[in-house]
């Protein structure tokens with residue numbers, strides 16, 4: 001009897017992953033990372049399905065809306081329980097840890113139970129920079145529940161050391177690692193022009209500051225960037241800057257009820273309300289940032305900030321708050337001294353340090369390779385090589 005022939009690897013069913021996440025729009029960091037991860041996995045032969053939790057807040061609205069939401073959550077939880085895939089990669093569950101309403105907290109715990117009880121291995125990722133503080137603030141019984149439920153995860157990817165430490169307190173000691181999540185951006189289709197609005201603004205403002213703030217949330221301090229640009233318009237010409245220094249703000253359609261009014265007030269104070277370009281959920285952000293002179297990230301918290309590394313990759317100088325894990329070759333400013341932001345931006349604009357900008361680009365290129373290799377290694381570990 002002839003020996004059995006080994007199976008043809010090409011005949012095996014492809015490995016599959018269920019991404020529990022959001023895809024753009026809106027173009028927040030989570031959605032952008034997920035879209036790039038999906039592209040990476042599909043290039044490597046994985047079959048990728050995506051499921052997102054219902055977007056509306058739990059149990060809000062009139063009775064018919066609450067009934068619809070109950071049904072939407074029930075269908076979502078049922079899909080998690082019935083999943084049949086090589087692994088499920090959860091990017092969203094840690095954002096529910098700080099939920100204050102009882103209904104939303106219950107739905108979040110049910111989601112975690114479905115992930116723990118499902119048949120497929122569960123990989124969790126978090127870039128939620130608020131996670132350590134949120135975990136410490138929830139009641140003791142919820143901390144115990146999280147340790148039990150997250151203890152069922154196979155592995156956890158943290159974007160920073162504080163997040164990794166939080167995972168360890170959540171029952172994942174020995175099964176978590178700090179891995180950057182910045183991945184290769186999708187190339188812009190050749191020959192696709194910028195919109196006339198963007199092209200005209202950039203042409204009229206040859207020196208331009210760019211920044212980004214999802215939903216105009218206060219933590220991004222867009223108002224501080226606006227005030228810095230306003231001061232540079234007044235004082236910059238003495239240093240050779242144009243009096244019409246431009247400002248491009250990449251945002252989303254959602255508007256934070258505190259952050260957006262503060263942003264608008266700063267525009268009026270700086271005299272920029274009619275001379276600022278605010279773009280919402282655009283899919284050519286990299287191209288736009290690449291046409292600006294400096295990118296500013298004045299946020300209080302960050303994971304593996306997509307926008308900072310995108311600017312570095314496009315050879316645009318970066319000014320950012322001095323948070324843990326910031327990449328090299330960028331100008332840093334103390335979070336508590338944002339009133340001095342204009343001076344730091346001025347220094348960067350005047351320096352025009354091409355060597356530093358090129359070194360930043362090389363670092364990000366190498367970072368993309370490291371991150372992709374590390375994430376795929378975790379997939380092999382959790383889902384089987």
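The values are calculated or read from the model by the stated rules, or taken from the named source; none is laboratory data. Bear in mind the structure is a predicted one, so any value in this text is a computation, not a measurement. Using ideal geometry, Cβ is built from the backbone for each residue, glycine included, and neighbour counts are taken over all protein chains shown.
For this structure, a couple of remarks:
Results for (1) free of Cβ contacts under 8 Å to residues at least 40 places away in the same chain; (2) touching a helix residue (DSSP H, G or I) at 6+ places or on another chain (Cβ under 8 Å); (3) not assigned by TED's automatic domain parsing to the domain that holds residue 159, shown as yes or no for each residue.
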| position | (1), (2), (3) |
| --- | --- |
| 305 | no, yes, yes |
| 318 | no, yes, yes |
| 344 | yes, no, yes |
| 358 | no, no, yes |
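- From the options 305, 374, residue that is at pLDDT below 95 and touching a strand residue (DSSP E or B) at 6+ places or on another chain (Cβ under 9 Å): 305
- Every residue from segment 113-128 that is touching a strand residue (DSSP E or B) at 6+ places or on another chain (Cβ under 9 Å) and at pLDDT 90 or above: 115, 116, 120, 121, 122, 123, 124, 125, 126
- Residue count for segment 248-268, restricted to those that are free of Cβ contacts under 8 Å to residues at least 40 places away in the same chain and within 16 Å of residue 282 (Cβ to Cβ): 2.
- Residue in segment 48-71 that is farthest from residue 100 (Cα to Cα), counting only those that are within 23 Å of the chain's Cα centre (by Cα) and modelled with pLDDT of 75 or more: 48
- Residue 152 being in contact with a helix residue (DSSP H, G or I) (Cβ under 8 Å, 6 or more places away or on another chain), assigned to a loop (DSSP other than H, G, I, E, B) and more than 30 Å from residue 313 (Cα to Cα): yes
- Within segment 161-207, if we keep just the residues that are in a strand (DSSP E or B) and free of Cβ contacts under 8 Å to residues at least 24 places away in the same chain, the residue that is surrounded by the fewest Cβ atoms within 10 Å (Cβ to Cβ) turns out to be 178.
Residues are listed down the side, and each one gets a yes or a no for (1) buried (at least 16 other Cβ atoms within 10 Å of the Cβ); (2) under 23 Å from the mean Cα position of the chain (by Cα):
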site	(1), (2)
322	no, yes
332	no, yes
338	yes, yes
343	no, no
349	yes, no
358	no, no
368	yes, yes
371	yes, yes
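For (1) under 14 Å from residue 167 (Cα atoms); (2) assigned to a loop (DSSP other than H, G, I, E, B); (3) within 22 Å of the chain's Cα centre (by Cα), each residue gets a yes or a no:
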residue: 89; (1), (2), (3): no, no, yes
residue: 95; (1), (2), (3): yes, no, yes
residue: 100; (1), (2), (3): no, yes, no
residue: 107; (1), (2), (3): no, no, no
residue: 116; (1), (2), (3): no, no, no
residue: 123; (1), (2), (3): yes, no, yes
residue: 128; (1), (2), (3): yes, yes, yes
residue: 135; (1), (2), (3): yes, no, yes
residue: 141; (1), (2), (3): no, no, no
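- Failed item, numbered, when residue 376 is tested on (1) within 27 Å of residue 129 (Cα to Cα); (2) over 23 Å from the mean Cα position of the chain (by Cα): (2)
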